[in-house]
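The values are calculated or read from the model by the stated rules, or taken from the named source; none is laboratory data. Quick caveat: nothing in here was measured; it's all calculated off a predicted structure. Glycine gets a Cβ as well: all are built from the backbone with ideal geometry, and neighbour counts include every protein chain shown. Please note that ligands, DNA and RNA were not included when accessible areas were found on the heavy atoms of the full protein model with its side chains. Shrake-Rupley method; radii C 1.70, N 1.55, O 1.52, S 1.80 Å.
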Amino acid sequence: MEYLLRVGNLIDGRGPEQGPRVVAVKDGRIAFVAKPDEVSDDRPLLDASTYTLIPGLIDCHVHVRTNGEVDRRLQPLTDIPGESTLRGLKNAQADLRSGFTTLRDCGGMEALALRNAVNSGDVLSPRIFAAGYGITATAGHMDQDRYVGARVHDNPGVADSPTEVRRVARSLLKLGVDLIKTNATGGSFGNGHRPNPGAQQMAGEELAAAVDVARMAGKRVASHAMGEAGIRAAVNAGVDSIEHGFWLTPDVAEQMADQGAFLVPTMATLFRNTTRGFAGPGMSDEVKEQLRQRAIWVRERLFESIEYARNAGVKIVAGSDMGGGPYLYHGECATELSQLVEAGLTPMDAIRAATSRAAELLDREDELGSIAEGYRADLVLVEGDPGRDISLLEEGRGVRGVVLDGCPVALTGALDAQGQRAFGDLWGRVQWIVGC
Ligand SMILES: [Zn+2]
């Protein structure tokens, strides 16, 4: 498929807003970007002159297998095989419709199955980078959360020594994961380590073992790290990204900047925890309110972490943690961008955090996250200018078109008719998910 897309304003994911441009798409890639008066061509033209074009958005921390369900931790005990993977496909499609063309899944075998199906061309979904299951200590984060009762010993991600970590990491590589996810600390809620949120759970040498194995295979390591000691241990071990990073300190932020480590602060989850509150099977109203208050407290601390990271020059990347907790719904990944703006980033910086900088974390900055010649044609048409008003991206509110690998997968309103005229016979090859 070969066509031209004329837009009123281009945000390329790296530089400033560029004004009107024509983007040529050929065989799933961007052939060239030019000013409208520089192009005279008889290829099909989709006229989107009243819209802003941004790169397909990248969310670097989701869990496709779940969608904010209150009983999600019990699902592994009740699902029949395949059920959660099919739910994962539906969740990923909700993200795609809202403008996210790439997802990095930070925990869940379903994402690995989905990635394989996507790469085989079998299903319509955002491209997926999957960690498989996370490595954790016995009773650590991602252990007791998901595996209770009889299955407590079945968690393949549990490792209690550097040697065990090496074995588990190699098992994950054997499954073909794109990255290794480690859990340096507990969560900020519950998990039996109150009043110390995010207490360290994996030792420094265990984290270093994961990094060592991943490096040999050319893969990157993400570390769930909330409390100060665990963040420090993970950074000392050389992980590539700190997920959450709620108790980051100025000195560790400096170290992260020196090492080129990324921060994925998952602000959206704490924002939703404070606005929508908490839930869990059998949870009393009193406990729900306690947890909501805790989220308010932790969120204040996270704003400090982001300030330290910005001052030190740490690369901040968008990751919403959608699916990772109650009331965290797919299709709402862009809440993270609005929250980053709330924390002081400009809207353009927030867009970069979900495009070119996110692509850097994925080690795909040469083909994802930018609108430039040779890049994959993952594109989003927005009504209005998200470079000035980031809230246009929330829940895909201003999103009018999504192009994945050059293929328009979602077009709405006036663009539907324009698209049919512009593409003529090609239109039948456009994959539709609008209205699903
Ligand atoms: Zn998560």
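Points worth noting:
- Sparse-neighbourhood loop sites, GluC sites (Glu not before Pro) in the stretch 218-257 - DSSP loop, at most 14 other Cβ within 10 angstrom: none
- The chain: angle of helix 204-216 to the longest principal axis, Cα-based, in degrees nearest 10: 40 degrees
- Straight Cα distances below 27 angstrom link K315 to the lysines K181, K219, with same-chain residues fewer than 8 positions distant left out.
- Degrees separating the helix 250-259 axis from the principal Cα axis of the chain, which is the longest one: 60 degrees
- The mean of 1/r over all distinct Cα pairs in the stretch 57-333, once inverted, gives the Kirkwood hydrodynamic radius of 18.5 Å.
- Tilt relative to the chain, helix 285-312 - C-alpha long axis, 0 to 90 degrees, to 10: 70 degrees
- Candidate cross-link partners of K35 among the aspartates and glutamates, defined by an alpha-carbon separation under 16 Å and a same-chain spacing of 8 or more, comprise D12, E17, D47, E373.
- Placing +1 on each Lys and Arg Cβ and -1 on each Asp and Glu Cβ, with no other charges, gives the stretch 57-333 a dipole about its Cα centre of roughly 440 debye.
- Counting Lys and Arg as +1 and Asp and Glu as -1 over every other residue whose Cβ lies under 12 Å from the Cβ of E69, the net charge comes to +2.
- Highest-first arrangement of 54-62, 170-178, 304-312, where packing means the average Cβ count within 10 Å: 54-62, 304-312, 170-178
- Sorting the segments 281-294, 80-93, 377-390, 98-111 by their mean number of nearby beta carbons within 10 angstrom, highest to lowest, gives 98-111, 377-390, 80-93, 281-294.
- Two-decimal log10 I(q)/I(0) for the stretch 1-83, as the Debye equation yields it once each C-alpha is a single scatterer, q = 0.19 Å⁻¹: -0.82
- Share, in percent, of DSSP beta bridges within the chain that are antiparallel, nearest 5: 45 percent
- In the chain, the DSSP-assigned H stretches of four residues or longer account for a calculated mean residue ellipticity at 222 nm of -10000 deg cm²/dmol, using -39500 (n - 2.57) per stretch and the full residue count as denominator.
- Accessible area (Å², 1.4 Å probe, nearest 10) - D349: 50 Å²
- Computed with every protein chain present, the accessible area of M216 is close to 130 Å² [probe 1.4 Å].
- Nitroxide proxy distance, nm - points 7 Å out along Cα→Cβ at S391 and D41: 3.6 nm
- Note: relative contact order over the stretch 57-333, using C-alpha pairs below 8 Å and six or more positions apart, is 21 percent.
- Sequence of E360, E205 when ordered by accessible area, the most exposed leading, probe 1.4 angstrom: E205, E360
- FRET efficiency estimate (nearest 0.05) - Cβ-Cβ, V287 to D160, R0 30 angstrom: 0.50
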